[in-house]
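All of the numbers you see were taken from the coordinates with simple rules; none came from a lab. Everything numeric in this text was worked out from a predicted model, so none of it was measured. Here the Cβ is made from the backbone with ideal geometry for all residues, glycine too, and neighbour counts use every protein chain on show.
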Amino acid sequence: MIKSVLKIIIAVLMVINPELPALLDLGKLPSENMVNMDKFVLVWNDEFDGDSLDKNKWGYSWWITERKGGYWHEDMVSVKDGNLVIRAEYLESPPENYYENSGLDMDEYKPGWYTGKVTTRDKYEQCYGYFEVRCILPAATGMWSAFWMMNEGVYNVNNSGQDGTEVDVFESFYYKDNWWGNDAISTGIHYDGYGEGHHGDSIGKIFIENDPYKEYNTYGVEWNKDEYIFYINGYETGRMSTGGVSQNPEYLLLSCEFAGDNGIQESDRHGTGEIERTPDENWPAEFKVDYVRCYQYKDLV
Ligand SMILES: [Ca+2]
Ligand SMILES: [Ca+2]
């Protein structure tokens with residue numbers, strides 16, 4: 001009920017000024033504008049139909065990688081029932097092949113929050129086009145999932161995003177985070193590294209009609225030389241060209257991350273909510289990805 005009222009308020013504000021709900025940090029609703037798929041042709045995809053990750057298309061993160069408040073490990077990634085599944089959970093004992101691949105001693109293992117990342121880095125990258133994922137988000141606090149794009153130019157500090165920009169097609173920070181519900185995601189960009197030179201922009205929270213933690217939705221970005229146009233289920237949610245649009249090929253990433261630093265989870269960072277460590281119905285949380293599809297403009301193929 002509260003959620004419905006808020007959505008009506010947001011819809012009214014969007015008529016007055018489309019930027020108003022975002023400026024007030026209320027969140028936005030997708031617009032009525034739909035992506036025009038007629039101008040694109042499919043050039044790369046993974047439907048995750050097999051029983052293991054296609055290593056010709058994807059690489060894991062390094063065998064064990066400290067990542068914010070947790071660790072990435074390849075054991076947390078699987079392919080089953082037509083989905084890529086990235087699991088997230090607290091492990092008291094190491095993942096199955098942790099020692100085999102890490103070269104670490106048994107007593108060096110640190111219990112912690114484990115999850116995973118896959119990337120097309122060194123396997124597939126593309127400049128411009130339309131990029132879409134269909135997925136169900138991991139329903140847990142203290143963490144988030146993401147479909148994003150990167151290249152090495154992202155780290156180059158020159159007051160421009162044209163050399164490379166981290167494009168976050170979606171990030172799911174909002175599970176159980178808001179009094180109005182948990183059906184929002186965030187979309188944004190980052191460039192000029194992650195230190196003092198960092199720049200970023202965001203179109204903020206975007207509400208989805210159904211519960212993205214229970215149902216499939218598609219999240220897409222159209223990228224041309226002038227702007228990024230973001231979509232949910234084919235409906236435009238916002239446009240961005242801050243810093244100049246990346247003019248270089250970028251690779252894709254699918255990942256889950258825990259809020260925190262140095263492998264230590266910190267509750268309520270990035271608005272992810274306090275983590276619920278007690279095993280319950282949410283653990284292990286699963287990020288289920290039905291497909292990733294990359295299209296190119298027909299006149300660029
Ligand atoms: Ca730059
Ligand atoms: Ca599939």
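Each residue, Asp261 and Glu96, gets one label point 7 Å from its Cα in the Cβ direction; the gap between the two is 3.6 nm.
Across the stretch 4-16, coupling constants 3J(HN,Hα) worked out from phi with the 6.51/-1.76/1.60 Karplus curve, θ = phi - 60°, read 4, 5, 4, 5, 5, 4, 4, 4, 5, 4, 5, 5, 5 Hz, and Gly and Pro carry x. With the simple spin-label model, which puts each label point 7 Å out from Cα in the Cβ direction, the Asn56 to Asn210 separation comes to 3.2 nm. When only Cα pairs below 8 angstrom with a gap of at least 6 residues are kept, the chain shows a relative contact order of 28 percent.
In this structure, the residue pairs whose Cα-Cα separation is over 24 Å, taken from Lys7/Lys214; Lys39/Lys288; Lys28/Lys214; Lys7/Lys39, are Lys39/Lys288; Lys7/Lys39. For the stretch 31-300, the dipole from Cβ point charges (+1 on Lys and Arg, -1 on Asp and Glu) about the Cα centre works out to 480 debye, to the nearest 20. Counting neighbouring beta carbons within 10 Å and listing from fewest to most, the residues Thr119, Thr165 come out as Thr119, Thr165.
Near Gly234: Cβ cut-off under 12 Å, other residues only, Lys/Arg at +1 and Asp/Glu at -1. The net charge is -3.
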